[in-house]
């Protein structure tokens, strides 16, 4: 076997092979051939000088090279949102230092990264998304033999203000729909009535639409788990009209980003992204008395904590429920009660005491 080679089952990943005391040792280095050659030369020097250190536990690799390995080996094959990983990890490497070795990154560097992102004006919730993918990457680094410790194990996430979510009021929805062309109107109403993510909607095919049973099948979600979205009469009508005008395999063949941004401006609606249509779906469900567990299932949340951000919107519904209970109690209280003498007579009867006593 050659000293530097590529494994057949992992194309693009370079490995090295060398002998120590007659025993062959192999190491997986990563996508950088030059780095593999450098590591092999170092190993041969260590062996020749009798200073060979057992590198079977930890294989040194530069941060940027490991990020490339992680994205190609883990993110792309397993996550529909892998492009987010590319952006976040590349940004992290720019701050931490692309030329740094993975084992040189310490908890202090991560804290400094958090500080840097906050100073850039990045929201705490977004910074936490950076920390999450970085922690996953280091976890894989340990599994693959590139690190012994995860520097993010002791790092606390920033406190997020998830109570306030941006959702459209009824008046805003009306203004938005008034400025939408038929295509955008169908897309907006589908989002508002199903809570589907933008990517889920844009991947829909007509074969995923069951008009007979009023179900939309989403085969690939953010969590990589399929789900079924109930289709109400509004969505059904819009999709039927849409199909008459677009003879394509894809339900929504046109990108909605630019036309949605233009419609938002025309409707004079501020601070609204496409994803806020999903928040609007969940918010109005809760405000109309739908329980949080049902909302969780409709939204496709893995954790109820994600759904709890909408819980404050149910306070009005809860108050109405308590008011209903109060009305019932008032009815009970106002009911004509038995005379006091009758109550005393009943007590004596229960105590087996004669009234004359």
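Derivation of every value follows stated rules applied to the coordinates shown; laboratory data play no part. Not measured: the values here are computed from a predicted model. Cβ sites come from the backbone with ideal geometry, for glycine too, and all protein chains shown count toward neighbours.
Here are the numbers:
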item: Distance from segment 116-178 to segment 216-239 (C-alpha centre basis), Å; result: 26
item: Binned Cα-Cα distance frequencies in segment 63-143 - 5 Å width, integer %; result: 3, 15, 28, 28, 17, 9, 1
item: Neighbour-count ranking [beta-carbon atoms within 10 angstrom, fewest first] of 82, 144; result: 82, 144
item: Quotient of Cα Rg and 2.2 N^0.38 Å for segment 75-202, N being how many residues it contains; result: 1.40
item: Highest-first arrangement of 62-74, 213-225, where packing means the average Cβ count within 10 Å; result: 62-74, 213-225
item: Hydrodynamic radius by Kirkwood, which averages 1/r over all alpha carbon pairs of segment 4-48, in angstrom; result: 10.7
item: Compactness of segment 161-236 as Cα Rg over 2.2 N^0.38 Å, two decimals; result: 1.21
item: Peptides 180-193, 88-101 ordered by average Cβ neighbours within 10 Å, highest first; result: 180-193, 88-101
